[in-house]
Amino acid sequence: MKESGIGQSGVTFLELLVTLAIIMVLASVAMPLSKVSGRRAREIELRQELRTVRAAVDAFKFDWNRDGELLLGTLCVKNKLTCKEVSSVYGYPKTVETLQEVKLSGEEATVKGATIKRYLRRIPLDPLTGKADWLLRCYTDAPDASSWCGEDVYDLASASREIALDGTKYRDW
């Protein structure tokens, strides 16, 4: 007598192929999504770093503002020698490094004992390039200037030549 196949369990070759095909389709959908989410995370980080440095430049401008020889900012008035060393004639920092440390020379340094004013703890890295190789723009530069005039730091942008997910250039952020 022959045994019948009833009661035996197992997977046919066809069922195995269908299962593998489904897994491959799901994996092919997941891979591009993971690449986009990584890129989106770097874009968010870039926006945060730009916001941080721009806020530091604005705070510096408020404290060290001047119009040529006319000293306007509160720290600029109290630290005349330092003001002319660290700020441009428009009141913006002369370099990005200036935002890390400004040595006070006036009454605040002697009375309060505060000798250093900091706007940034460190110069952030560009998340797209992995370096602190920011493109700088002076107050007098055109918005689409390709080189920095070297007088002050009015704004900065990413050095990446890539296009963002929204179709704009990272340099234009």
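The values are calculated or read from the model by the stated rules, or taken from the named source; none is laboratory data. Just so you know, these numbers come straight off a predicted model, no measurement behind them. Positions of Cβ are backbone-derived with ideal geometry, glycine not excepted, and every protein chain shown enters the neighbour counts. Please note that ligands, DNA and RNA were not included when accessible areas were found on the heavy atoms of the full protein model with its side chains. Shrake-Rupley method; radii C 1.70, N 1.55, O 1.52, S 1.80 Å.
Only one of these is under 22 Å from Glu162 (Cα atoms), touching a Leu at 6+ places or on another chain (Cβ under 9 Å) and either open to solvent by less than 100 Å² (accessible area, probe 1.4 Å) or in contact (Cβ under 8 Å) with a residue 40 or more places away in the chain (or both): Val57, Val77, Val53. Name it.
Working: Val57 fails: under 22 Å from Glu162 (Cα atoms); Val77 fails: under 22 Å from Glu162 (Cα atoms).
Val53 is the lone residue from the list that is under 22 Å from Glu162 (Cα atoms), touching a Leu at 6+ places or on another chain (Cβ under 9 Å) and either open to solvent by less than 100 Å² (accessible area, probe 1.4 Å) or in contact (Cβ under 8 Å) with a residue 40 or more places away in the chain (or both).
For the range 10-17, state whether one or more residues are closer than 30 Å to Ser158 by Cβ and either of a type outside the set (Asp, Glu) or surrounded by fewer than 11 Cβ atoms within 10 Å (Cβ to Cβ) (or both). I'd like the intermediate steps shown before the answer.
We begin by selecting, within the range 10-17, every residue closer than 30 Å to Ser158 by Cβ; these are none.
Scanning the range 10-17 turns up no residue that is closer than 30 Å to Ser158 by Cβ and either of a type outside the set (Asp, Glu) or surrounded by fewer than 11 Cβ atoms within 10 Å (Cβ to Cβ) (or both).
Return only the number of the condition from (1) open to solvent by less than 20 Å² (accessible area, probe 1.4 Å); (2) assigned to a helix (DSSP H, G or I); (3) closer than 30 Å to Tyr170 by Cβ; (4) not charged (D, E, K, R) that Val36 does not satisfy.
Evaluating Val36 over (1) open to solvent by less than 20 Å² (accessible area, probe 1.4 Å); (2) assigned to a helix (DSSP H, G or I); (3) closer than 30 Å to Tyr170 by Cβ; (4) not charged (D, E, K, R) leaves (1) as the failure.
Given the options Glu107, Glu101, name the one that is of a type in the set (D, E, K, R), in contact with a Lys or Arg (Cβ under 8 Å, 6 or more places away or on another chain), surrounded by fewer than 18 Cβ atoms within 10 Å (Cβ to Cβ) and modelled with pLDDT of 90 or more. Spell out the reasoning first.
On the way: Glu107 fails: modelled with pLDDT of 90 or more.
Matching residue, one of Glu107, Glu101: Glu101.
Among what's in the range 138-165 and is among the acidic types (Asp, Glu) and under 17 Å from the mean Cα position of the chain (by Cα), pick the residue that is most open to solvent (accessible area, probe 1.4 Å).
Residues of the range 138-165 among the acidic types (Asp, Glu): 141, 144, 151-152, 155, 162.
Now drop any that are not under 17 Å from the mean Cα position of the chain (by Cα), which leaves 155, 162.
Working: Asp155: 35, Glu162: 88 Å².
Checking each candidate, the answer is Glu162.
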